[in-house]
Amino acid sequence: MGRGRKKGGRGGGGRGKQAKSDEYRTDLIEKADMKNERFFAYYKAQNILSEDEWDDFLEALRTPLPTTFRVAGSRQIAKSLNETIKDVHVPSLSNVTFEDQKLPPPVQLPWYPEGLAWQFNVPKKVLRKSPEFKKFHSFLVFETEVGNISRQEAVSMLPPLFLEVEPHHTVMDMCAAPGSKTAQLLEALHAQDTLTSTSIPSGVLVANDSDYKRTHLLIHQSARLPSPAFMVTNLDASNYPSIRLPTASSANKKEQLLFDRILCDVPCSGDGTIRKNIGIWKHWQPNDGNGLHGLQLRILQRAMKLLKPDGRIVYSTCSINPVENEAVIAAALESNPEYHLVDVSSNLPELKRRPGMSLWRPTADKSVSSTYETYEAFVAADPQAAALTKLTPGHWPPSNINELNLGRCMRIYPHLQDSGGFFVAVLERKPTEAKAAAQAREKKRTAENAEYFEPETKKPRIESEPENRDSSTPAPIDLTSDAGEIPASGEGGGGGPNASGNGSFKEMPYTFLSPRDPTLLSCISRLRLTPEFPSSNVLVRNPEGDVVRSMYLTNDLIKQIILANDFTKIRLNAAGTKVFTKQEGGKGVEAQYRILGEGLPVVLPYTDPQSIITGNMNVLRHLVMSHYPLCTSFEEAFRPVLDSLDLGCHVFRFPPGELDGASLAHDLLVPIWKSGVSVSLMVDKKAKNALSLRVFGKEVPPSIRDQKSKADGGEVAPAGELIESSDGGAEAEAEVEGEAMVLDDIAVSPEIERVVVQAL
Ligand SMILES: C[S@@+](CC[C@H](N)C(=O)[O-])C[C@H]1O[C@@H](n2cnc3c(N)ncnc32)[C@H](O)[C@@H]1O
């Protein structure tokens, strides 16, 4: 596990730790020190660029990287926030001068779809001292904190775009942590989400990383877009096991889950990040890439076995070294002739790129005094030294290089569009014969129809589309090992912790509740959910299937995966999204369940609209600015509404409105708790503060914000009142259910007025 990391590759612990040390701080290294003769000699020998571009390339490498960010979240949410950047922030930054210099405002990355990615380039002191940029910087920090903006290198945004994920796809992110690309994939899976509610895609996203700690970064990332279709595994991608699914014909027979889309963003030397990780100047040497080639190839080859016919793989690195790039692609194509490189030159036409290379000259010589055109020449030059290295013929271009279309790979160099260096290759697997025949028939039919119909006639719907996802030939898998252990539907997912003797895996099991489980039923009726709520997909995290504290919702596919696989074998760290949690009552009050802020968008489509209470801006302000406000303290017109509510959880809706300069632009839906004589907004301090800032333009007063169990300043928490904040509840849950990250840190984007949650 994590061999890539030990070698200090990108995403590797070595580089990651060093990145924190001073030697990696760009502001502490002089431009004159940004040199490395080995780097120059190696890349000159590779002929990566023409002689007249070399100086521009070096100049770009020595210049700090601009700041880039992506407006994140589901499409509708992102579009709304993007309008604010365009219409409010950019105009306010368009005529700013600092120390007599006019500063450039942020600009959209021209190639990013729908203009959702931005770049700006001002010195740090401007962000500290220019009032306009300071304000913009605070906006970015705030929105990043609540998950609406993702600080991400421009080039790192590319692989998910080329993967072209759709909501019905089965998707695997093989080396996913820390998860910036995972977030993009999740957004694509959730393309049908609306401003206030989350869709339940029929596909799945499996995010995997071999580093256990880093898988928690994935859980954190995904909390920006809670999804019943998301799961996290902790495995060596080069050896990723078969995930099994019941066959359509018999629940006792299993077939392998194959993927429509796989991202292999593999561990690499990371020399394309040299503008940011400036210490690379000092240490770079050719064996950084040489040593990673084998692991990179094994990961890609495993992905090739896990992909459906007609599926797509994107392989990417932030290295410009052909040994980590074209050499890996060439070797993988050699051993998997059913794959080909896809010509994506017409996709993202504004992206400046160079074709992949067909000639490169590896070396094992640290000082790069010689490089070799062929493996044979390398061995002949010094047989003894060659025997001691791990270089293989696969590090060199193969003899059939011209048949592989390596020019279809994409190389991004820093000077082309002021970015980092990057490599992307898009591979597709041939369809099965049956599928190819169906596609040919369809093509013929479409052509015939085209002749018959008038030109403006809508293109006929492709009949074979629905079959596409299922028509792959499942790879044979060994079902002998634990076929008998698979529990019946509605029961547990794979026995107790460490059920398979996998001693190092400490997660708790996933047990689906029966839809007739009395606690679940009472929860559904208390929360007034409609019969369409998928109650057979609710799970708890303990072997007994007891509803101890929280309930999670998965989609059908994740449920099948959990039921058909031993969760310790697939080292399943997270599945689905948490929707309900127990709210302990105070003295004399029975414990009840409430919808979590993060679960609300998922549950909302199943919430009886009649049960949603509509409030106004006055009510919202009182809820935000008070700590457990008494029902009697609300405006008179609203008191009867509060009095009529049962004790327990409710959903309040606040339509767009204005009040004393405060403004709510879109519907806001929040979970509320009614107790004996008061009501409370069930969002944590940070989220409440964020909501207050964005809607009312001021923070929640510290005297209110910092109260814990009892209100002060005249507001007394009555007997039987809630004394547990959502934070406290979640912490307690971590102990009960063995979860690594369950803090309910509910962040609200008032721009969007939708509750989103981050698990810290
Ligand atoms: C380049 S980083 C991935 C970055 C990530 N895709 C993103 O966009 O945030 C490479 C990741 O691969 C992981 N890794 C290293 N060796 C691995 C292996 N054999 N299997 C799976 N993951 C591995 C590292 O822990 C690291 O998180």
Spacing of the two label points (7 Å from each Cα toward its C-beta) at T432 and D418, in nm: 5.1
What does the extension gain come out to for R516 and A386, with contour length at 0.36 nm per residue minus their alpha carbon separation? 40.1 nm
Among 150-163, 602-615, what's the highest-first ranking by average C-beta atoms within 10 angstrom per residue? 150-163, 602-615
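State the extension gain, in nm to one decimal, for the chain segment bounded by K305 and E376, taking 0.36 nm per residue of separation less the distance between their alpha-carbons.
Numbers: separation 71, 0.36 × 71 = 25.56 nm, distance 3.05 nm.
Extra length from K305 to E376 when fully extended: 22.5 nm.
According to the square roots a ≥ b ≥ c of the eigenvalues of the Cα gyration tensor, what is the shape class of the range 571-668, taking rounded for a/c under 1.5, prolate for a/b larger than b/c otherwise, and oblate for the remainder?
Numbers: a/c = 2.03, a/b = 1.34, b/c = 1.51.
In terms of gyration-tensor shape, oblate.
Which of the peptides 637-647, 114-124 is most tightly packed, and how do the rest follow, going by the mean number of other Cβ atoms within 10 Å of each residue?
Output ranking for 637-647, 114-124: 114-124, 637-647.
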From the alpha carbon gyration tensor of the range 147-247, can you work out the equivalent ellipsoid semi-axes (sqrt of 5 times each eigenvalue) and give them in Å, largest to smallest? 20, 18, 13
Could you work out the Kirkwood radius for the range 516-650, taking every pair of different alpha carbons, averaging 1/r and inverting it, reported in Å? 17.0
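Taking the highest mean first, how do the peptides 651-662, 296-307 order by number of other beta carbon atoms within 10 angstrom per residue? It would help to have the intermediate numbers written out before the result.
Details: 651-662: 14.8, 296-307: 22.2.
Listed from highest to lowest mean packing, they are 296-307, 651-662.
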Quick one: of K506/K559; K506/K582; K79/K124; K86/K135, which pairs are farther than 19 Å apart, Cα to Cα? K506/K559; K506/K582; K79/K124
Translational diffusion of the range 269-366, µm² s⁻¹ [Kirkwood Rh, Cα pairs; Stokes-Einstein; 37 °C; 0.692 mPa s]: 217
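Over the range 311-356, average the accessible area per residue using a 1.4 Å probe and give it in Å², no decimals. Mind showing how you got there, number by number?
Numbers: 1390 Å² over 46 residues.
Normalised by residue count, the accessible surface of the range 311-356 is 30 Å².
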Cα gyration tensor category, rounded, prolate or oblate, for the range 348-440 with a/c compared to 1.5: oblate
If I model a spin label as a point 7 Å beyond the Cα along the Cα-Cβ vector, how far apart are those points for Q610 and T194 in nm? 2.0
According to the square roots a ≥ b ≥ c of the eigenvalues of the Cα gyration tensor, what is the shape class of the range 623-699, taking rounded for a/c under 1.5, prolate for a/b larger than b/c otherwise, and oblate for the remainder? prolate
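At 1.4 Å probe size, with the rest of the protein present, what percent of the exposed accessible area of the range 64-132 is carbon and sulfur atoms? Kindly include the intermediate steps, with their values, before the conclusion.
Numbers: 1750 of 3430 Å².
With neighbouring chains kept in place, the figure for the range 64-132 is 51 percent.
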Neighbourhood charge, 12 Å Cβ-Cβ cut-off, centred on P105 and excluding it, Lys, Arg +1 and Asp, Glu -1: +1
Send over the Kirkwood Rh of the range 179-229, from the inverse of the averaged 1/r over different Cα pairs, rounded to one decimal Å. 11.4
For the range 602-655, what is the largest minus smallest coordinate of the Cα atoms on each principal axis, given in angstrom and ordered from greatest to least? 31, 20, 19
Ratio of alpha-carbon Rg to the 2.2 N^0.38 Å globular estimate for the range 196-353, to two decimals, please. 1.20
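The values are calculated or read from the model by the stated rules, or taken from the named source; none is laboratory data. Just so you know, these numbers come straight off a predicted model, no measurement behind them. In this analysis, Cβ positions are derived from the backbone assuming ideal geometry, glycine residues included, and neighbour counts consider all displayed protein chains. These accessible areas exclude ligands, DNA and RNA; they are computed on the full protein's heavy atoms, side chains included. Shrake-Rupley method; radii C 1.70, N 1.55, O 1.52, S 1.80 Å.
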